[in-house]
Amino acid sequence: MSELTTTLKQLKLSGLGRTLDLRLQEAAANRLSHREFLELILHDEINLRDQKRIETRTRMAEFKSLKTLEDFDWRFNQSVSRKDIYELAACHFIRQGSDVLFIGPPGVGKTHLSQAIGYEAIKQGFVVRYRSIFDLVGDFLCEEALQRRDKTLRQYLKPDLLIIDDMGLKQLPKHAGEYLFEVIMRRYENRSTIMTSNRPTEDWGKLLQDVPTASAILDRFLHHAALIPITGHSYRLKDAAAKRQKQQPVQ
């Protein structure tokens, strides 16, 4: 190990160290000035640190799986406005403390799009957390959480963007509405929230077993929210049909 490599490790300049030999060859071949060479190697270090930050925050977000806008099949579901989604991905709504509600039947891409927007937010330096509505309620209902409720609540209040997925898949436990209301109320006009729902908002009272609380949640959440309705067929059914077709024997 050279003295220079040791020095770079001591200074925690691992990005610079990884590309140094290549950059030295590039500098010699192109007769770069000292200033140009220094700019190159410092950009390498910045790029590596940015990538590590993105990877760390993506891990902390706890997505179901990493989804991107590039992976989304825009042709399959014509009801999704690419312009609207990319406008959300610019993250102006996060800077404004606004919210987003994706609403539509299961399988039309709500989870994919919400996570993809979350990933774009991470790349722009925001802290993001993804939870299904069942995870959220479970976090507050477990015995340990009841003893440290304030700590559990802080985990939901801290992120710049909170994604609450799968509202409407089934009826929620008693008191679920109270926990969701506190999260929405405390984040209202302070932090942004994306929710996805498989059922119309008129059904939320039944889902939460608490009509007044559901009304209070919607009153705050929808006040500054962009409503993105999605219709169409399920991507999962399309994929299942394509898989069955591949498995059919050739006649």
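The values are calculated or read from the model by the stated rules, or taken from the named source; none is laboratory data. Bear in mind that the values here come from a model prediction, so they are computed numbers and not experimental data. When we count neighbours, we look across all protein chains shown, and the Cβ atoms used for this are built from the backbone with ideal geometry, even at glycine. Keep in mind that these areas ignore ligands, DNA and RNA; they rest on the heavy atoms of the full protein, side chains included. Shrake-Rupley method; radii C 1.70, N 1.55, O 1.52, S 1.80 Å.
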Ser65, sole failed condition from (1) within 17 Å of the chain's Cα centre (by Cα); (2) open to solvent by 10 Å² or more (accessible area, probe 1.4 Å); (3) farther than 22 Å from Ser234 by Cα: (3)
Set Val108, Val100, Val80: member being in contact (Cβ under 8 Å) with a residue 40 or more places away in the chain, touching a His at 6+ places or on another chain (Cβ under 9 Å) and closer than 16 Å to Thr196 by Cβ: Val108
Tally, over region 1-49, of residues that are part of a helix (DSSP H, G or I), under 25 Å from Gln124 (Cβ atoms) and free of Cβ contacts under 8 Å to residues at least 12 places away in the same chain: 2
Extreme residue, farthest from Asp219 (Cα to Cα), among residues of region 92-123 that are of a type in the set (Val, Ile, Thr) and open to solvent by less than 10 Å² (accessible area, probe 1.4 Å): Ile122
So Leu136, is it open to solvent by less than 30 Å² (accessible area, probe 1.4 Å), closer than 15 Å to Ala61 by Cβ, without any contact (Cβ under 8 Å) to a residue 40 or more places away in the chain and out of contact with any His (no Cβ under 7 Å at 6 or more places or on another chain): no
Search result, residues across region 170-228 that are part of a strand (DSSP E or B), β-branched (Val, Ile, Thr) and farther than 16 Å from Leu157 by Cβ: Thr196, Ile228
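Name the one entry in Arg131, Arg148 that is open to solvent by 10 Å² or more (accessible area, probe 1.4 Å), under 18 Å from Asn198 (Cα atoms) and either without any contact (Cβ under 8 Å) to a residue 24 or more places away in the chain or not aliphatic (A, V, I, L, M) (or both).
On the way: Arg148 fails: under 18 Å from Asn198 (Cα atoms).
Answer to the check: Arg131.
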Of the criteria (1) touching a strand residue (DSSP E or B) at 6+ places or on another chain (Cβ under 9 Å); (2) under 21 Å from Arg187 (Cβ atoms); (3) open to solvent by less than 30 Å² (accessible area, probe 1.4 Å), which one Ala89 fails: (1)
Residue list for region 5-29, restricted to those being of a type outside the set (Ser, Thr, Tyr), surrounded by 11 or more Cβ atoms within 10 Å (Cβ to Cβ) and over 20 Å from Asn47 (Cα atoms): none
